[in-house]
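The values are calculated or read from the model by the stated rules, or taken from the named source; none is laboratory data. Remember, it's a predicted structure, so these values are computed and weren't measured experimentally. Here the Cβ positions follow ideal geometry from the backbone for every residue, glycine too, while neighbour counts run over all protein chains shown. Surface accessibility is based on the protein's heavy atoms, side chains included, excluding ligands, DNA and RNA. Shrake-Rupley method; radii C 1.70, N 1.55, O 1.52, S 1.80 Å.
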Amino acid sequence: MEAVGTSNTEAQEATHIPDAEENNNRKSPFGWLIPLLSVVLVGIVILNIVLINKKNNNSTTDEVRTEYLGEATLEDVELESLTTAADETTVESEEATTENVTTEAATKANKQTQAATKADNSGGSTGGNSGGSSGGSTSGKATFTANFKFSNNWESNGKKFYQLNVTVNNTSSRTINSWAISKDLGASLSIESSWNCTASASGSKLTLKPVDYNSTISKGGSVQDIGLIISTTASLSDFNYKGTGSGSGGGSSGGSSGGSSGGGTAEKVEPYKLPTLPAGSPVSNHGQLKLSGTNIVDKNDKKYQLMGPSTHGIHWFPEYVNRKAFNTFKKYGANMVRLAMYTAEGGYCEGNKSAMLDTLYKGVDYATKEGMYVIIDWHVLNDMNPNKYIEQAKSFFSTVSKKYKNNVNVIYEICNEPNRGPSWSDIKKYADTIIPIIRANSPDALIIVGTPTWSQDVDQVIGHQVKQPKNVLYAVHFYAATHKDDLRNKVKKALSKKIPVFISEFSICDASGNGGIDYTSANAWKKLINDNNLSFACWSLCNKAETSALIKSGSSKLSGWGTNDLSDAGIWFRKWLTERVKVNG
């Protein structure tokens with residue numbers, strides 16, 4: 001069988017590969033140009049290929065680098081690609097230097113931020129110290145004077161009690177970093193209480209030292225609101241003390257500025273600017289109130305009965321702290337409103353302190369402009385023992401009593417309902433600390449002190465009143481469906497022993513604030529209160545879905561309530577106010 005294919009001869013003919021002889025026969029005088037042109041053409045082709053590849057590579061590189069540099073333009077990249085190796089080295093070196101400078105600046109800024117944060121957290125003392133050290137050149141002794149003023153005194157059981165207010169003034173050209181006072185008062189003494197300082201006594205020697213937030217005093221600065229109560233057999237009067245403390249700086253601007261911005265001095269409180277009172281309003285008619293025996297009397301020494309609503313927690317129902325709401329109750333016959341500022345449960349000591357103060361201050365302002373009296377209620381409840389937040393209480397009452405020192409309408413309730421543990425002895429200790437702080441600024445204001453077991457055991461006060469009893473009343477709280485003759489008898493017993501009582505919270509349902517209304521018990525309480533000229537605040541001004549709320553839960557009105565807006569408790573309370581306003585005027 002014959003193979004399929006082509007012979008070698010046929011293949012050669014088809015391909016036609018010329019041999020050397022044939023080539024020689026085809027030579028001409030210009031035959032040398034053909035190879036040369038071929039070489040040139042091949043070179044041109046190769047060169048084009050190289051140039052095209054280079055362009056493609058450069059284009060790809062440009063795209064990548066443009067994407068990496070973000071805002072850099074293609075022209076920037078092309079220009080940069082023409083930079084020599086030496087220039088690239090220089091740029092890299094400059095970039096490294098810039099990065100180091102930026103890092104150093106960031107580090108410095110970070111340290112400054114940390115220092116500022118630390119100063120803020122420490123009450124400013126760190127700011128004062130760091131400013132003093134950076135601005136000053138030396139450290140050493142610094143001089144100061146301390147002014148001792150005796151704002152109150154009384155006698156009990158053969159001892160003399162003195163309340164001292166102290167101001168420490170930096171009289172040197174340095175920042176004072178620490179100070180201490182040691183003074184012999186001439187007779188044995190005891191420290192009863194103190195605030196904004198550490199006080200101790202040894203024999204007749206009194207020693208005062210700063211606390212962490214007022215140890216630093218800038219050049220020309222002072223520390224105020226230092227106070228204490230001492231007992232002694234000596235007779236004392238105002239005096240000045242000169243001393244030295246550790247200082248830093250040489251009076252340079254850095255030291256002075258640092259101390260000032262660091263906040264070594266006490267916060268200044270601007271007194272409330274009194275408005276013009278409405279003519280014929282409760283406060284304009286009755287003025288400064290005081291105690292006469294167990295009775296509250298007005299500026300004309302006439303018996304006077306305070307009465308009005310208590311807000312619910314002002315951080316839960318701030319919308320009811322408004323002037324029109326207070327005016328509505330004034331039209332019903334109220335002459336007072338109680339502002340319940342919780343200390344726990346998201347309140348002042350555990351929540352947004354700034355927001356709480358803002359609402360409280362607005363409440364005092366609205367009541368004052370309506371010519372009404374107003375109770376600032378430090379509403380201890382789930383914190384149970386008022387001593388739990390005593391340091392916050394010291395600061396708070398120092399601030400508000402200074403702010404409202406010119407107000408005759410502000411009343412201080414210093415612990416709403418101590419409960420589940422604290423004895424009257426515990427509460428009295430707290431009260432004997434807080435009352436002098438208020439008295440330093442508001443010497444005549446009425447003060448209400450809570451009593452044990454949700455302010456029910458007022459009989460325990462008998463024979464154990466607070467050390468400064470002037471214008472101090474003791475709280476009783478009742479809920480008519482729960483608290484009946486047993487608690488009413490405690491009130492009668494206390495009154496018979498000349499213990500002044502203030503019903504600073506009540507309702508006519510059960511103690512939960514809910515349940516049914518007990519009108520029989522409510523009317524028995526009303527008679528006891530009216531017969532003994534007791535003042536009272538009804539719980540509570542809000543529309544919470546509970547029996548004790550004075551506004552129906554379905555009402556969204558914040559003032560101007562009619563009968564259809566008031567709850568049954570609200571209607572009962574309005575009727576009582578209307579009856580009593582005819583008696584009180």
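Scanning the range 290-324 for residues that are under 15 Å from T368 (Cβ atoms), surrounded by fewer than 16 Cβ atoms within 10 Å (Cβ to Cβ) and of a type in the set (G, A, S) returns no hits.
Within the range 537-563, restricting attention to residues that are touching an Asp or Glu at 6+ places or on another chain (Cβ under 9 Å) and among the aliphatic types (A, V, I, L, M), the residue that is nearest to H379 (Cα to Cα) is A537. Looking at I508, is it more than 35 Å from the chain's Cα centre (by Cα) and either modelled with pLDDT of 95 or more or open to solvent by 40 Å² or more (accessible area, probe 1.4 Å) (or both)? Taking the combined requirement at face value, the residue satisfies it.
Which of the residues spanning the range 200-220 are in contact (Cβ under 8 Å) with a residue 12 or more places away in the chain and surrounded by fewer than 22 Cβ atoms within 10 Å (Cβ to Cβ)? Lay out the reasoning, then the answer.
If we filter the range 200-220 for residues that are in contact (Cβ under 8 Å) with a residue 12 or more places away in the chain, which is where we start, we get 201, 203-220.
A201, G203, S204, K205, T207, K209, V211, D212, Y213, S215, G220 - these are the residues of the range 200-220 that are in contact (Cβ under 8 Å) with a residue 12 or more places away in the chain and surrounded by fewer than 22 Cβ atoms within 10 Å (Cβ to Cβ).
The residues of the range 268-289 that are surrounded by fewer than 17 Cβ atoms within 10 Å (Cβ to Cβ) and not in a loop (DSSP other than H, G, I, E, B) amount to a single one, S284. Listed conditions (1) within 22 Å of K149 (Cα to Cα); (2) touching a Cys at 6+ places or on another chain (Cβ under 7 Å) are all met by Y430, apart from (1).
Residues in the range 363-385: is at least one over 22 Å from W454 (Cα atoms), of a type in the set (S, T, N, Q) and at pLDDT below 95? Talk me through it step by step, then tell me what you get.
Taking the range 363-385 and keeping what is over 22 Å from W454 (Cα atoms), we get 363-373.
Now drop any that are not of a type in the set (S, T, N, Q), which leaves 368.
Checking which are at pLDDT below 95 leaves us with none.
Scanning the range 363-385, I find no residue that is over 22 Å from W454 (Cα atoms), of a type in the set (S, T, N, Q) and at pLDDT below 95, so the answer is no.
Of the residues making up the range 357-374, those that are farther than 19 Å from I296 by Cβ and either among the small types (G, A, S) or open to solvent by less than 10 Å² (accessible area, probe 1.4 Å) (or both) are L360, G363, V364.
Residues that are in a loop (DSSP other than H, G, I, E, B), among the polar types (S, T, N, Q) and in contact (Cβ under 8 Å) with a residue 40 or more places away in the chain within the range 498-539 comprise N532, N533, S535, listed in sequence order. Residues of the range 293-326 that are within 30 Å of K394 (Cβ to Cβ) and among the hydroxyl-bearing types (S, T, Y): T294, S310, T311, Y320. On the given criteria, is S235 open to solvent by 40 Å² or more (accessible area, probe 1.4 Å), outside any strand (DSSP E or B), out of contact with any helix residue (DSSP H, G or I) (no Cβ under 8 Å at 6 or more places or on another chain) and touching a residue at least 40 places away in the same chain (Cβ under 8 Å)? Here the answer is yes, as S235 does meet what is asked.
Matching residues to (1) at pLDDT 95 or above; (2) within 30 Å of D531 (Cβ to Cβ):
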{"position": "S260", "(1), (2)": "no, no"}
{"position": "G263", "(1), (2)": "no, no"}
{"position": "S284", "(1), (2)": "yes, yes"}
{"position": "G293", "(1), (2)": "yes, yes"}
{"position": "V297", "(1), (2)": "yes, yes"}
{"position": "T311", "(1), (2)": "yes, yes"}
{"position": "T328", "(1), (2)": "yes, yes"}
{"position": "N335", "(1), (2)": "yes, yes"}
{"position": "M341", "(1), (2)": "yes, no"}
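Pick from the range 523-554 the residues that are more than 16 Å from Y304 (Cα to Cα) and of a type in the set (V, I, T): which of them is least open to solvent (accessible area, probe 1.4 Å)? Among those residues, the one meeting the criterion is I551. Selection of first residues in the range 158-181 that are among the charged types (D, E, K, R) and of second residues that are part of a loop (DSSP other than H, G, I, E, B) and open to solvent by less than 20 Å² (accessible area, probe 1.4 Å), restricted to Cβ pairs under 6 Å at least 6 apart or on distinct chains, gives the following pairs, ordered by first then second residue: R174/G249. Among the residues of the range 309-335, the ones that are on the phi > 0 side of the Ramachandran plot and part of a strand (DSSP E or B) come to 0 in all. Scanning the range 237-258 for residues that are among the polar types (S, T, N, Q) and modelled with pLDDT of 50 or more gives S237, N240, T244, S246, S248. Each residue in the range 344-354 was checked for being open to solvent by 50 Å² or more (accessible area, probe 1.4 Å) and not basic (K, R), and 4 of them qualify. Contact map, the range 273-297: first residue among the acidic types (D, E), second residue open to solvent by 20 Å² or more (accessible area, probe 1.4 Å) and part of a loop (DSSP other than H, G, I, E, B), Cβ cut-off under 8 Å, separation 6 or more or different chains; the map is empty.
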